[in-house]
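Below is one structure, written out as structure tokens; the observations come after it.
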């Protein structure tokens, strides 16, 4: 079990495939949505935030998340589009992308460069 919070999103399957629902699943209002793709084998992220909370979903492929909140650190593998990882403002994070991965990011705040903290924890 991971120290970091993951949410099992409601998912429904039938012969036509799967459908995952995000209705009222997050502990914050979504103010920004973006996705990262074409980053096969690359490391992204490398920051934490002042106030932004994020929810991350690997909608395709696998993304390996390294997270450090200043007390605990760990790796969370995202490889299931029905699983959502919450990244809190204090969480230093990097992402390593597997082949063909697409990472959906839902954010509590609009983009603001002043919200980024680029220093790692000691």
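The values are calculated or read from the model by the stated rules, or taken from the named source; none is laboratory data. The structure presented is a predicted model; accordingly, all values stated were derived computationally and were not measured. Here Cβ is always computed from backbone atoms with ideal geometry, including for glycine, and neighbour counts include all displayed protein chains.
For the reader, a short list of remarks on this structure follows.
- Residues satisfying the stated conditions in segment 16-26, i.e. more than 17 Å from residue 103 (Cα to Cα), part of a loop (DSSP other than H, G, I, E, B) and at pLDDT 95 or above: 16
- Hey, residue 109 free of Cβ contacts under 8 Å to residues at least 40 places away in the same chain, farther than 19 Å from residue 3 by Cα, over 13 Å from the mean Cα position of the chain (by Cα) and not in a strand (DSSP E or B) or not: no
- Only one entry of 74, 41 meets the criterion of being over 12 Å from the mean Cα position of the chain (by Cα), assigned to a strand (DSSP E or B) and either surrounded by fewer than 16 Cβ atoms within 10 Å (Cβ to Cβ) or modelled with pLDDT of 95 or more (or both), and that entry is 74.
- Filter pass, residue 104 being within 15 Å of residue 53 (Cα to Cα), touching a strand residue (DSSP E or B) at 6+ places or on another chain (Cβ under 9 Å), modelled with pLDDT of 95 or more and surrounded by 17 or more Cβ atoms within 10 Å (Cβ to Cβ): yes
- Taking segment 44-61 as the range and being surrounded by fewer than 16 Cβ atoms within 10 Å (Cβ to Cβ) and either assigned to a loop (DSSP other than H, G, I, E, B) or modelled with pLDDT under 95 (or both) as the test, the residues that pass are 50, 51.
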